[in-house]
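A short write-up of the structure that comes next.
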Amino acid sequence: MTARPGSVPATGLAVSNPAVDVDSDLAALAAFALGHGAARAEPVDARHVVVDEHVARTAHRSGCDGSCSSLMSPPYSPGAEQFAGWLAGFERGVLVQVAVEATPELAALAQGAGGWCCDLAGLRRTEAYEATLAPLWRVLHDVVSRVEREAMRRGYYLAVGLVAGDCELCAACDPSGLCRNPLAARPSLEAVGIDVGRTLRNAGWDEAGPGRHAVRTGLILVV
Amino acid sequence: MKDTAVERAGGPGTGRVHDAHVQAVARREALGHRLLRSRAEALARNASSGNLDSELAALEATALEAGATRARAIAVSQVVVDERVTMKCRVPPCEHYGINHLCPPYSPTAGEFAVYVARYRHALLLQVQARLSASFKELVEERDDKWYRELHREPAWAEAYEGTMLPLWHRLHLAAIAVEREAVRRGHGGALALGAASCGFCDPAGLAERCELLGLAPPREGSASARPPGSPAYARCDLTRPCPFPEVARPAMEAVGIDVVRTLRNAGWEIRFPATSYPEDVVFYTGLVLVA
């Protein structure tokens, strides 16, 4: 099922639901992202987004009970199967990346090397992480949230933004309760099963990122 | 489905429940709720369309008399169900997610509801409208440094919500239930009302009055305590117990995956983005009654 806001022909009454120009709106959203902290932002075809159940399943090391996790990561986040159903309704989106100078280890971690969720739990409170990847996540979260809001203001009311990496909004998440940051917290790309590497390759982006930089990727599905 | 409230109010055909709704609307207006009425326009439109059967026209009239600003019978083929609508309940999580019996994950899923919808052919779309007060408009006006995700926690928001949005929600709910009951009275036992936003039926303000109006047993002692100061304006259900008002509590259209925007546009009703772009400072809630 596809939805292009404004494209459903009105029946009966004359209404002023405006026609939309998806191409120019997506270009404007990408420019908006670049103006709000993104290092790279481009419109992307939703068919380029790869969902693989294996990605979400390997978020935790074997034997992990998920206690290192947050409500925005497996096993609490929406699963790959559910997300694939949502993704099927979209045709276009905007892919964004943010970057910061970092050590090769942290750059590799940002790109998802290893059993990222469990590894991250141990690394989280280290000084290097707090100085680089944590603020980087917040920049990405801010950009994605702003682009999603701008898309909704333009009439793309089903627009949804996702950010790579586990949620950093709270110092510690209590997955046994409800999210303490409703309307703000977002599941990660990996949590819902998106294979970020393959998605970037499909979109024609250089997966390695710009040199000695830690890069994180966000996706806003728009229409 | 047996409508016990209709029986308590004097049995089918007496119209007493219906009359009570009319009186309730009059009371609400006397309390100062300013309505944007387009009843004459709506009735003229329905008369000219000429393809609605008399029952649906009567239900439109019921909705208008019960407090709806406008109502329109539509074909159920115009109702769009899209699972991405309930995705928006979860990504990012809505402030109502997981705290209300009538919201996800407790409400029927879009997949389940699409199956229900497929059993119907006729529905009634209804809307209640109000004007935003100047202070409310100032409060919700979007700014770069003011997001709804922060705003909804502020005491000023709770106050404004209680003053404008909650009474409007109750107006929609009473009108939708009135239409559902009238449809049941006319023999459409499967009629089902849906509201908007999260269910606020058991909000302490005016609960006893609503129960009396709908012919329900009065709220149990202690079940309708005043909301603690500083708490969010919307209801938080006791999820350890079943819903205390199953006869009248209804999920929102969007909670069951109905794409309200596309459904409204299919019905020929305007909806604009951003929400703050309405020059008349209009705020509205939309409901749907699946009839037959």
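The values are calculated or read from the model by the stated rules, or taken from the named source; none is laboratory data. Everything numeric here is computed off the predicted structure, so don't read it as measured data. Cβ atoms come from the backbone with ideal geometry, glycine included; neighbour counts cover every protein chain shown.
Look at segment A:148-167 and say how many of its residues are within 14 Å of chain B (Cβ to nearest Cβ) and within 16 Å of A:LEU189 (Cα to Cα). Quick ask: steps written out before the conclusion?
Residues of segment A:148-167 that are within 14 Å of chain B (Cβ to nearest Cβ), as a first pass: A:148-163, A:167.
After this cut, where a residue has to be within 16 Å of A:LEU189 (Cα to Cα) as well, the list is A:148, A:159-163, A:167.
Of the residues in that region, 7 qualify.
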I need the full set of residues from segment B:265-292 which are surrounded by fewer than 23 Cβ atoms within 10 Å (Cβ to Cβ), assigned to a loop (DSSP other than H, G, I, E, B) and more than 9 Å from chain A (Cβ to nearest Cβ), in order please. B:TYR278, B:PRO279, B:GLU280, B:ASP281, B:ALA292
So which residues in segment B:104-122 are more than 13 Å from chain A (Cβ to nearest Cβ), under 16 Å from B:ARG250 (Cα atoms) and not hydroxyl-bearing (Ser, Thr, Tyr), if there are any at all? B:PRO108, B:GLU112, B:PHE113, B:VAL117
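Quick one: is B:LYS137 surrounded by fewer than 19 Cβ atoms within 10 Å (Cβ to Cβ), of a type outside the set (Phe, Trp, Tyr) and either within 12 Å of another protein chain (Cβ to nearest Cβ) or at positive phi (or both)? Show your work before the answer.
Numbers: surrounded by fewer than 19 Cβ atoms within 10 Å (Cβ to Cβ): yes; of a type outside the set (Phe, Trp, Tyr): yes; either within 12 Å of another protein chain (Cβ to nearest Cβ) or at positive phi (or both): no.
Taking the combined requirement at face value, the residue does not satisfy it.
Could you list, in sequence order, all residues of segment B:82-93 that are in contact with a Pro (Cβ under 8 Å, 6 or more places away or on another chain) and either of a type in the set (Ser, Thr, Tyr) or in contact (Cβ under 8 Å) with a residue 60 or more places away in the chain (or both)?
At the first step, the residues of segment B:82-93 found to be in contact with a Pro (Cβ under 8 Å, 6 or more places away or on another chain) are B:86-87, B:89-93.
Scanning segment B:82-93 gives B:THR86, B:CYS89.
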Suppose the filter is farther than 29 Å from B:GLY206 by Cβ, part of a helix (DSSP H, G or I), away from chain A (no Cβ under 14 Å) and in contact (Cβ under 8 Å) with a residue 24 or more places away in the chain; does B:TYR161 pass it? no
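Within segment B:175-192, which residues are surrounded by fewer than 24 Cβ atoms within 10 Å (Cβ to Cβ) and among the hydrophobic types (A, V, I, L, M, F, W, C)? First the steps, then the outcome.
We begin by selecting, within segment B:175-192, every residue surrounded by fewer than 24 Cβ atoms within 10 Å (Cβ to Cβ); these are B:184-190, B:192.
Across segment B:175-192, the qualifying residues are B:VAL184, B:LEU192.
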Scan segment A:207-216 and give yes if some residue there is touching a Phe, Trp or Tyr at 6+ places or on another chain (Cβ under 8 Å) and farther than 23 Å from A:THR58 by Cα, otherwise no. no
Within segment B:151-173, which residues are charged (D, E, K, R) and out of contact with any helix residue (DSSP H, G or I) (no Cβ under 7 Å at 6 or more places or on another chain)? B:ARG153, B:GLU154, B:GLU159, B:GLU162
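Can A:GLY93 be described as surrounded by 18 or more Cβ atoms within 10 Å (Cβ to Cβ) and at pLDDT 85 or above? I'd like the intermediate steps shown before the answer.
On the way: surrounded by 18 or more Cβ atoms within 10 Å (Cβ to Cβ): yes; at pLDDT 85 or above: yes.
Here the answer is yes, as A:GLY93 does meet what is asked.
Return the only residue of B:ARG236, B:ARG262, B:ARG250 being touching a residue at least 60 places away in the same chain (Cβ under 8 Å), under 21 Å from B:GLU162 (Cα atoms) and within 12 Å of chain A (Cβ to nearest Cβ). Write out each step before concluding.
Values: B:ARG262 fails: under 21 Å from B:GLU162 (Cα atoms); B:ARG250 fails: within 12 Å of chain A (Cβ to nearest Cβ).
When all the criteria are applied, what remains is B:ARG236.
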Quick check on segment A:170-190: of everything there that is at the interface with another protein chain (Cβ under 10 Å from one of its Cβ atoms) and among the hydrophobic types (A, V, I, L, M, F, W, C), which residue is surrounded by the most Cβ atoms within 10 Å (Cβ to Cβ)? A:CYS179
Candidates B:HIS101, B:HIS96 - the one that is in a loop (DSSP other than H, G, I, E, B), buried (at least 21 other Cβ atoms within 10 Å of the Cβ) and facing another protein chain (nearest Cβ under 10 Å): B:HIS96
Tell me yes or no: at least one residue of segment B:76-93 is closer than 16 Å to B:LEU290 by Cβ, within 11 Å of another protein chain (Cβ to nearest Cβ), assigned to a loop (DSSP other than H, G, I, E, B) and touching a helix residue (DSSP H, G or I) at 6+ places or on another chain (Cβ under 8 Å). yes
